[in-house]
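Laboratory data are not the source of any read-out in this text; all were calculated from the coordinates shown. Only a predicted model underlies this, so the values are computations on that prediction, with no experimental measurement involved. All Cβ positions, even for glycine, are placed from backbone atoms using ideal geometry, and neighbour counts span all protein chains on display.
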2 protein chains.
Amino acid sequence: MNTDTVYSELTLKTGAKLVLLVLDGLGDLATPEQGYLTPLEAAATPNLDTLSKNSAQGRMLPVAPGITPGSGPGHLALFGYDPLEFQVGRGVIEALGLGLELKPGDVCARANFATLDAKGIVTDRRAGRIPTETCERLCAMLSAKVKKIGETQVIIKAGKEHRFVVVFRGKGLEGPLTDADPNREGLPIPIAKPRDPKKAGQKKMAKLIADFYKVALPVIAKEKPANGFLMRGIAHQPHIPLFQDRYMLKPAALAVYPMYKGLAQLVGMKKIEGPQTIKEQFERYLAEYNNFDFFFIHYKYTDKFGEDGNFEAKKKAIEELDTALPILMQKKPTVLAVTGDHSTPCLIKGHSWHPQPAMLHSAFSGSDKLDRFTETGANRGSLGIFEAKYLIRLMQANARMFDKFGA
Amino acid sequence: MNTDTVYSELTLKTGAKLVLLVLDGLGDLATPEQGYLTPLEAAATPNLDTLSKNSAQGRMLPVAPGITPGSGPGHLALFGYDPLEFQVGRGVIEALGLGLELKPGDVCARANFATLDAKGIVTDRRAGRIPTETCERLCAMLSAKVKKIGETQVIIKAGKEHRFVVVFRGKGLEGPLTDADPNREGLPIPIAKPRDPKKAGQKKMAKLIADFYKVALPVIAKEKPANGFLMRGIAHQPHIPLFQDRYMLKPAALAVYPMYKGLAQLVGMKKIEGPQTIKEQFERYLAEYNNFDFFFIHYKYTDKFGEDGNFEAKKKAIEELDTALPILMQKKPTVLAVTGDHSTPCLIKGHSWHPQPAMLHSAFSGSDKLDRFTETGANRGSLGIFEAKYLIRLMQANARMFDKFGA
C-alpha cells in the first residue's frame, strides 16, 4: 500500500494551525576557521533557544544521500511531495522566478538572446551579455509581434542580461522537448524535438517552437548583437496534487521572492502579497491567522549570504529572524516547524547535500532536552535523520490530524 | 524515478581521489565485562582521533535492520550495490575465497567430500572431516580425470578439510539449481534440478552436474572414507554493473585475503598484488596514487579477532592500523571513508546485525565535533544511521562529483 494513501485515509479535519518557517539554505558546516561553529551556532537566538527546550529536533535529507537540490526540489519536499516523483523543469522554475503566474499545462522555456552570423551559425550564445534594459526592449518587441500562434497564447518575459522566458499556454501541449540550443558556438540552432516522439502533445509543442522561431527571428534580425535566441528546458508544468486536497489544510504562502511564491502556487497555496521583511511577514501571519490553516513563511537571506560565503551576514540574518520571532508567537500555532529547504554552507558558497536541521514545536512534540536549535544538536534529536518529504506528516501528526492506523 | 539513475545522471568527472578503508567486522558492543568500552573505544587511536575532529560520523545498516550479512553482501553494499538486489551465490563466494578468478557466466558450487554406503546412501556428510591434505589429493585426482564435460571446462579447487569448490566455465550456463545434498545422513544424493525449469541454462547446468557425478564418482569410489561428494549453492556469477561505469571512478583493490580481492574483482576493480601488512598496503597506495581514482583498502584482522572473541587482539589490531595511518595521509585523498563491512562483536564471536560505525573525512564533510571515532560517537553524528549502499554516494558528494538536482 502506498504510504501517501495511508496518510490520506487517516487524515482528520481539525482546527489546527500549522506554520512552516523556512530559513532558506539554513544548514551549514562547522569549520576550524570559524571556531567549529556554524552560523546557527554562532548566532544569538534567545527566542529559538526558548522554543528548543520544548521541541523535537532532527535533520532532513532533501532528496537522497549526497544529492544537492535546487530550490524547486528542496521546496517540493518541504511541501510533502517526493522530489524524485514530482520533477519541475528548468523553464517552469525560471518562469516562476520571474513572477509569471503559471496554469496547469503551460509549457515553459528558458531562452537566451544570442548572436547569429549570416548563415545562421551561433557565434555568441549570450549575445555579449547584453544589458537587462536591452533584453527588456527586445522582449517587448517580440511580445508586441507574437501574441498567439494558432490557438496558443505566447507569453514572453525578460530576465536579467540576455535571459528571458517564453510560456506557451494552450490545449494539449506537452514537454519535454530537446533543446533549441547547440550548447556551444559554431553550430546552427538545432530544432527542438519531442523527447518521446509517440506523444502527440510533444509533437504539437515541437511544431509550435518551430513556428515561434519562424515569426520571432525576423523581428530581431536587424538587432546587434542580439539577432537570435536559443531555447532550453522546454517542459510543461507537471501535474501536482493540490496541497489542500492532500493535507486537508487551507494553505497560504508568505514569501518575498518570486520563485518561492511560484513554487507555493504550483501546489495551490494562496500567495499573500505585501510584506517585505520577516517582521512584516510575521505581522501579516497574525492578521491572516483566522483565514488559513497552514502558513508557509519563507526567509531568503540565510541562503543568499550562504551563497556569498558571508558567515557574519548569515549569522546576522538568523539573529534578525530570531528577534522578530516573538511577533509570530503572539498567536501560537498548533505546530511550528523551523527548518531550511537545504543547506547552503558558507564554505561551499552554494547549495549542498548536507542534511538541514529541523525543529518541531507543539504541545505534543516532547522535549529533546536541547538548549539550542543547531546542526549538532539536531544530530542528537528524536527525529533522527529523515527524508524532508515527511516533515509535513510529522507536523500533521503533532496537530493530531491522523487517526490511529489499525486496531 | 530510480535513485541510481538520478545519481548517474548527476555524476561529473573530477580528478578526485577517494579512499574506502575497511576494517572488516569493525563494529562491536560495549559490555560491562570490558568496562562498557568497545575495542574501538578501548584502543589508543591518536591518528583516527585527529581525523575525527574534521569528519562526519554515522552508523550503517549493511542490509536491513536486524540482518547479519556475510562478507559478500557486506562488501557489495560498501561498493554501492544493494545487497538485496545483487545476490552472490555461496558457490561464487567460496570460489572467490579460494582465490579462483571467475569470469562472467561461471557457475560455481560448494562441494563436500562425503561417505557413501554400498547402496549410495550418505552415511557421513563430511567424510569424517578428512585432513586438508587428503582433500587436496582427492581434488588433484578429480582434476586430472575431469577437465572438461563436452565443451564446458571444469575447475576443481580444494578448500579446508572436506571442502572444495567446482567451477563450470562454458557457454549458456545458468544457476541456481537445487542442492545435490540430502542435508542429512541416511538418504541418497538427490539430483540437482533447475530452480526454474523453464530456463534452458539451468536445464543445461543440471545435466552437467549429473554428467559430472557420472565421471567423478568412479574416480574416488575406492577411497575411504571419502568415496563420494555433495554439491550445494550451485549458481552463476550474477551480472553486476561495472564499478567504473557506475561511479566514473577507476578503482583499485588493496586486499590481502583472496575473498576480498575476489569481491572487488566481481565489480571490476583492479587487484593490486603484493602488500601483506596494512603498512605495506598504505605504502602501495602512495605508489599507485596517480594510477587510480578509487582505492578499496581491506584490513582483515579486526574481523578475525572478533570471530575469536579476542577483545585485546581486536583492540591491538585497531591500534596497529592507526599507527600506520600517517603513511596513507602522506597523500591526502580528496575523501576518506573509514568503516567496516559489518560488526563482528567479540561477545558474539561472529558477524552481527549491529550497524557499523562510519567516518567520512573531506574538505566538505564538516565537523561533528567528535573527538574520537567510536560506535557511541557515531550514534551522534550528522550522517545518522543509513544504509551502507549510500556511503559511496556520500563519498562522491564530498568529492563534488554530483551536479545539482533540479533548479
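The A:ALA287 and A:THR323 beta-carbon pair, evaluated with R₀ = 30 Å, returns a calculated FRET efficiency of approximately 0.90.
Note on chain B: GNM, Cα springs under 10 Å; of B:TYR260, B:TYR299, B:TYR289, the largest mean-square fluctuation is that of B:TYR289. Once both labels are positioned 7 Å from their Cα atoms along Cα-to-Cβ, the gap between B:LEU84 and B:LYS119 label points is 4.6 nm.
For the stretch B:95-134, the residues whose backbone nitrogen is under 16 Å from a point 7 Å from the Cα of B:LEU217, taken along Cα to Cβ, are B:112-125.
Taking label positions 7 Å along the Cα-Cβ direction at both B:GLU280 and B:ARG137, the computed distance is 3.2 nm, reported to one decimal.
Peptide B:394-405 shows a mean partner chain C-beta count of 5 within 10 Å per residue C-beta.
Computed from point charges on the beta carbon alone (+1 for Lys and Arg, -1 for Asp and Glu), the dipole magnitude for the protein assembly as shown about its Cα centre is near 2660 Debye. Which FRET efficiency value, to the nearest 0.05, do you get for A:ASP49 and B:ASP308 by plugging their Cβ-Cβ distance into 1/(1 + (r/R0)^6) with R0 = 51 Å? For A:ASP49 and B:ASP308, the calculated efficiency is 0.55. The 3J(HN,Hα) values that the Karplus relation (6.51, -1.76, 1.60; θ = phi - 60°) gives for the stretch A:239-253 are, in residue order, 6, 10, x, 5, 3, 5, 6, 6, 10, 6, 9, 8, x, 10, 10 Hz. Gly and Pro appear as x. Taking other Cβ atoms within 10 Å as a rough exposure proxy, A:ASP245, B:ASP24 sort from fewest to most as A:ASP245, B:ASP24. With its label point put 7 Å out from Cα toward Cβ, B:ASP403 sits 4.7 nm from the same residue's point in the other copies, in order from shortest. Altogether, the Stokes-Einstein calculation at 4 °C and 1.567 mPa s, with the Kirkwood radius of the stretch A:131-253 over Cα pairs as Rh, returns a diffusion coefficient of 81 µm²/s.
Each principal axis of the protein assembly as shown carries a Cα extent, and these read 98, 67, 60 Å when sorted largest first. Starting from the label point of B:PRO46 at 7 Å along Cα→Cβ, the same points in the other copies fall at 4.6 nm, in ascending order. Around B:LYS279, under 12 Å between beta carbons, what's the net of Lys plus Arg minus Asp minus Glu among the other residues? Overall, the nearby charge balance is -3.
In chain A, the calculated helix contribution to ellipticity at 222 nm averages -9500 deg cm²/dmol per residue, counting -39,500 (n - 2.57) for every DSSP H run with n ≥ 4. Just so you know, the averaged projected area of the alpha carbon convex hull for the stretch B:5-78 sits at 7.9 nm².
Across the stretch B:92-236, Cα pairs under 8 Å and at least six residues apart give a relative contact order of 33 percent. Take every Cα pair under 8 Å whose residues are at least 6 apart in sequence, average their separation, divide by the length of chain A, and the relative contact order is 34 percent.
Taking every DSSP beta bridge that has both residues in chain A, what percent is antiparallel when rounded to the nearest 5? The antiparallel fraction comes to roughly 65 percent. Where both bridge residues fall in the protein assembly as shown, DSSP classifies roughly 65% of the beta bridges as antiparallel.
Compute the signed sum of charges (Lys and Arg +1, Asp and Glu -1) over the other residues within less than 12 Å, Cβ to Cβ, of B:LEU383. Mind dumping the intermediate values first?
On the way: positive: A:ARG59, B:ARG59, B:ARG380, B:ARG393; negative: B:ASP368, B:GLU387.
Charge balance in the 12 Å sphere: +2.
What does the charge count near A:MET269 come to, summing +1 for each Lys or Arg and -1 for each Asp or Glu among other residues with Cβ under 10 Å from its Cβ?
Cβ neighbours under 10 Å give a net charge of +4.
Hey, any idea what Rg/Rh is for chain A, computing Rh the Kirkwood way over Cα pairs? Ratio value, two decimals: 1.02.
Taking Cα atoms only, the orientation of helix B:132-145 departs from the longest principal axis of chain B by about 60 degrees.
Think of each Lys and Arg Cβ as +1 and each Asp and Glu Cβ as -1; about the Cα centre, that makes the dipole of the stretch A:16-89 roughly 260 debye. Per-residue mean of foreign Cβ neighbours for B:385-391 is 2 (Cβ atoms of other chains, 10 Å radius). Comparing B:ALA109, B:ALA358, B:ALA144 in a Gaussian network model of chain B where C-alpha atoms under 10 Å apart are linked, the largest mean-square fluctuation is found at B:ALA144. Ranking A:ALA118, A:MET1, B:THR38 by Cα position along the charge dipole of the protein assembly as shown, where only Lys, Arg, Asp and Glu carry charges on their C-beta atoms, puts A:ALA118 farthest toward the positive end.
For chain B, the longest principal axis of the alpha carbon atoms and the long axis of helix B:278-288 meet at an angle near 80°.
For peptide B:363-371, the mean count of partner chain Cβ atoms within 10 Å of a residue's Cβ comes to 6. Our note on the geometry: Cα centres of the stretch A:384-407 and the stretch B:21-74, 32 Å apart. If exposed GluC sites (Glu not before Pro) are those in a DSSP loop with at most 15 other Cβ within 10 Å, what is the longest stretch of chain A that has none? No qualifying site falls inside A:274-407, the longest such stretch.
Note on A:ILE191/A:LYS148: beta-carbon distance plugged into 1/(1 + (r/R0)^6) with R0 of 25 Å gives a FRET efficiency of 0.70. Computed about the Cα centre, the dipole magnitude for the stretch A:93-181 is approximately 200 debye when only Lys and Arg (+1) and Asp and Glu (-1) carry charge, each at its Cβ. Coupling constants for the stretch A:320-330 follow from the phi torsions by the Karplus curve (6.51 cos²θ - 1.76 cosθ + 1.60, θ = phi - 60°), and in residue order they are 5, 5, 4, 4, 7, 4, x, 4, 3, 6, 4 Hz; glycine and proline get x.
Here's how it looks for B:LEU116: its modeled amide H is under 5 Å from those of B:THR123, B:ASN227, B:GLY228, which are all 5 or more places away or on a different chain. As a proxy for reagent exposure, B:PHE168, B:PHE295 were ordered by neighbouring Cβ count within 10 angstrom, fewest first; the result is B:PHE168, B:PHE295. Within the listed set B:ALA397, B:ALA324, B:ALA287, the residue fluctuating most in the Gaussian network model of chain B (springs between alpha-carbon atoms under 10 angstrom) is B:ALA287.
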